[in-house]
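Structure first, commentary second.
Nothing in this text is a laboratory measurement; each read-out follows from the coordinates by a stated rule. Because the structure is a prediction, the values reported are computed rather than measured.
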């Protein structure tokens, strides 16, 4: 089998395994079972997966479950023990220990004092401390990405597919930057109909063969808020940007798509150290 055909087969297997992981996070995810889904022996499959994605299968499952747990703590009133079981930790003490090792604080404290609380006042009214916002003029950008429909918290699957596809096809470039396009307002559009794209820059160099699609980012002036912390916290940053900064800025928004640029990699950086630039288009 030629090298291109081999990697095309691996690409399909990577997509199949990633989709299975996202669909079954609430279940026991046996690594040998994932190897079966990939139709490869565990001995070889784990090495192929790590070579393409830069982390082990076990690390991926742990990261995704803890990412979702952080979102549950911020966005829901579920008890911590329920969130722990959803994350695969029937023992609350084990969950607390693991969560603290990744996020820096125990889950209950994270719920009370996580980075999302920067945008909340002590009495729950209005907004809290300001984040620095700069303005930046950028040139138009050509992106290539994978579409996602559903909760924005689930766009990670599209990024997994994008990264695996680019690596398997030999199209990844070190200068590519990760960008998320979010087309709908989650306060107005039902969660299952939210549209988004997981993208990378330098898309003009990549053929748009399924599942890859080209996207265009308008140039012009943007307000840029740098968010530091877990992705699960960022909805508060959006509320602050629209509800506090924009009215006081004297600026008006332009009819163009907002986007996020991810400065570091969640596989390499701790959740509390993740940096995301949120771009708001200005007239």
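Taking 8 Å as the Cα distance limit and 6 or more residues as the minimum spacing, I'd like the relative contact order of segment 133-281 as a percentage. If you can, show how the numbers build up before the last one.
Working: 268 pairs, mean separation 47.5, N = 149.
32 percent.
Let a ≥ b ≥ c be the square roots of the eigenvalues of the Cα gyration tensor of segment 3-112; is it rounded (a/c under 1.5), or, if not, prolate (a/b larger than b/c) or oblate? Prolate. Look at where the Cα atoms of segment 55-103 and of segment 223-251 average out, and the two centres are 26 Å apart.
Let me have the 222 nm mean residue ellipticity of the chain computed from DSSP H runs of 4+ only, each contributing -39500 (n - 2.57), with the sum over all residues rounded to the nearest 500. Provide the component values of the computation, followed by the final result.
Working: 10 runs with 110 residues, N = 283.
Estimated from H runs of four or more residues: -12000 deg cm²/dmol.
Averaging Cα coordinates gives a centre for segment 134-150 and one for segment 179-198; these two points are 14 Å apart.
Counting alpha carbon pairs within less than 8 Å and at least 6 residues apart, what relative contact order, in whole percent, applies to the chain?
Worked out over the chain, it gives 19 percent.
Computed extension length for residue 254-residue 32: 74.9 nm, one decimal, from 0.36 nm per residue of separation with the Cα-Cα distance subtracted. Once the chain from residue 22 to residue 265 is taken as fully extended at 0.36 nm per residue, the excess over their C-alpha distance is 85.6 nm. Once you sort the root eigenvalues of the Cα gyration tensor of the chain as a ≥ b ≥ c, which label holds: rounded (a/c under 1.5), prolate (a/b larger than b/c) or oblate (the other case)? Oblate, since a/c reaches 1.5 and b/c is not below a/b. For segment 62-108, the square roots of the Cα gyration tensor eigenvalues, ordered a ≥ b ≥ c, give a/c below 1.5, which places it in the rounded category.
Extension gain, residue 189 to residue 226: 0.36 nm times the residue separation minus the Cα-Cα distance gives 10.8 nm. Between 187, 81, 72, the GNM of the chain built on Cα springs shorter than 10 angstrom shows 187 fluctuating the most.
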